[in-house]
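Working notes, structure below.
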Amino acid sequence: MSIELKTARELMRIVIVGHVDHGKSTLVGRLFHDTGSLPEGKYEAIKGMCERRGMPFEWAFLMDAFQSERDQGITIDTAQIWFKTALRDYTIIDAPGHREFIKNMITGASSAEAALMLIDAGQGIQQQSRLHAFLLNLLGVKQIAVLVNKMDLVDFSEARFADISREYSSYLGSLGISPNYIVPIAARDGDNIVERSPRTAWYKGPTLIEALDSFRPAAPLSALPLRLPVQDVYKFDDRRILAGRIASGRLNVGDTLLFSPSNKTAKVSSIEAWSAPMQESAEAGQSVGITLDEQLFIERGEMASHVEAAPTESHVFKAKLFWLSKSPLNLGGAYRLRLQTRDVAVTVESITCVYDPESFTARPSDTVIRNDIAEVTLRSPALLSLDAADIYPKTGRFVLSDGRNILAGGTISLEGYPDERRLVTVRSSNITEVAHGITAGQRAQRNGHPGGVLWLTGLSGAGKSTIAMALEQELFRRGFQVFVLDGDNVRRGLSANLGFAPEDRAENIRRIGEVAALFAESGQIVITAFISPYRSDRDRARQALAKSQALAKSLSSVAAGGGFHEIYVKADLVTCEGRDPKGLYQKARAGKIAEFTGISAPYEPPVQPELVIDTEKLDIAAGVALAVNYVEGHFRRPR
């Protein structure tokens, strides 16, 4: 007696998109029939219904599940049906083609591993054909087979097929997409669906089924690093159970978890499920409850990961989004960001460009209107746990809302911004603050002024270092205790071990902020001259001084200090590149310097600087005079 063991078959998710009436639902119906995937009696039931209505057989009715769709003859929602070939099982997602239902199309395509794009051979490439391709690219769907449908209406013309293939390939190429196949079909009659059609003898490529079977399924989510968004926290007896659905990776009892963005760590004591025995492990797709070996205060919205493969932490990120609301997205607008189980406030810091899906041209704009695709920068006052969408398809996506309605969907890019995790993580322990024997007030009395920080920021070539050095000389001449921390000088010593990647830049500024705070605590006015491109880094330097001065006050009960003064040395990119005193812009344009601020890395101008020195309009002498007057007014000498 032999026992046949059944092995799990591979499953692949395919989305079908295209302009309305280009034949998507007809194709799917025919596909199910020709592969023998229809439930018994389904074909007969649809045939009988069509006969009762006095209409020809309609393959689309196998997919269009809603009565309203049958009455209107369009697909208004996504539908999913399974079919199989000899190689694997498939889930076909039929997405609506109408522009009004583009939100539904995005929902359907978001989980697809490959796409079939239909184009009517008679009508040719439509605006929706371009828009859908752009959205597929936005969602990271790279495997695409273009199906030129209704070839029977153009007498199976090889020339017509070649024209459409050439034009659409060119458009996809502008998106960075190379279609895997372009297949001529007649869905209603089944040409080149399963069997090769004698009416396209000139076509030498694969049938649709052969094309599908050649696609590669995405790596299983369980193979990616662990991501477990905390959905809720329950208390049973003395236990705190963290509940959530594993988005990717695997989880085992005994694993050490890192929770972002709180940066707390603990080991997994147990893995539990509702009305089920304890588990030793769990993987992507499973909803679980876990207990920890420490009673940590963890809230909904935290992201659990393994320590060695944690998400990025940042207050700001770049995004590509598709705007769905009738009300426009505006520069500076405030919205709610939904990241998995977390909901936080964000503002639109910048709109890099808005894309025209018809011509794929980018244009500058301060607004994004309905159905626009845009590149934006979003900033939150809260520290965010972020994954790049091209690596983490589940956790690299987000939606914007007004608190009730979804306004946009988008994907996360971390290009150009540092991981702030190590900048906010405190690793030192057993440290006791020690009070100085000399108070800040005594230092101010001796020096004739309190200590403080003048933080000069601006693009390379704006004039920061020149102004800083001249300002130091003039303040010294006037009796101020003053010292300049300049970028190149600091890089020779304090930050000699750092490069120029975003994380290294952020760490460099963190060190400068702490050193500047110590200088200010000693009673000196310290002038810093650094590009310091990230607003969060400058804010952190401001906080370092505030913390230092608050500590000094608590230890000595004497408040004295000139505070932190952000000085924006303002000059636009064209002006700075025209000056290029060190030849850096020329090297950056030639690709010899990576991550160069203003060219290949972002610069975030101050929002409310204490002083602006516009070097486009002022010469160095006038800029220095402006700064000197500012210092005289804000660092008054005790009488």
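Tally Lys and Arg at +1 and Asp and Glu at -1 over the other residues with C-beta under 15 Å from the C-beta of Ala284: what net charge comes out?
That sum, taken over residues with Cβ under 15 Å, equals +1.
I need Ile209, Ile512 ordered by Cβ neighbour count within 10 Å, fewest first.
Ile209, Ile512
Given all pairs of different Cα atoms, what value in angstroms does the Kirkwood hydrodynamic radius of segment 166-257 take?
The answer is 18.3 Å.
Tell me which residues come under 5 Å, amide H to amide H, from Leu485 once H is placed; ignore anything under 5 positions away on its chain.
Those lying under 5 Å, H to H, from Leu485 are Ile527, Thr528, Ala529.
Kindly write out, for segment 520-532 in residue order, the coupling ³J(HN,Hα) from the Karplus curve 6.51 cos²θ - 1.76 cosθ + 1.60 (θ = phi - 60°), rounded to whole Hz, with x marking Gly and Pro.
Karplus values, whole Hz, x for Gly and Pro: 5, 5, 6, x, 8, 8, 9, 9, 10, 10, 9, 4, 6.
Provide Trp323, Trp274, Trp455, Trp202 in ascending order of the number of other Cβ atoms located within 10 Å of each residue's Cβ, fewest first.
The fewest-first ordering by Cβ neighbours comes to Trp274, Trp202, Trp323, Trp455.
With a sphere of radius 12 Å drawn around the Cβ of Asn252, what net charge do the other residues whose Cβ falls strictly inside it have (Lys, Arg +1; Asp, Glu -1)?
After counting each charged neighbour, the total is -1.
Among the aspartates and glutamates, which fall within straight-line cross-link reach of Lys547, defined as a Cα-Cα distance under 13 Å, with same-chain neighbours fewer than 8 residues apart omitted?
Excluding near neighbours in sequence, the set is Glu433, Glu514, Glu521, Asp539.
Could you pull out every residue, at least 5 positions away or on a different chain, whose amide H is within less than 5 Å of the one on Leu147? Hs are placed 1.01 Å off N in the peptide plane, and Pro or chain starts have none.
Amide H to amide H, under 5 Å and 5 or more residues apart or across chains, Leu147 pairs with Met117, Leu118, Ile119, Val183.
Tell me, Met303, Met49, Met12 in order of fewest to most beta-carbon neighbours within 10 Å?
Met49, Met12, Met303
The numbers here are math on the coordinates, done by the rules we state, and not lab data. What you are looking at is a predicted structure, and each value in this text was computed from that prediction instead of being measured. A quick note on method: Cβ atoms are made from the backbone with ideal geometry, for glycine too, and the neighbour counts reach across all protein chains shown.
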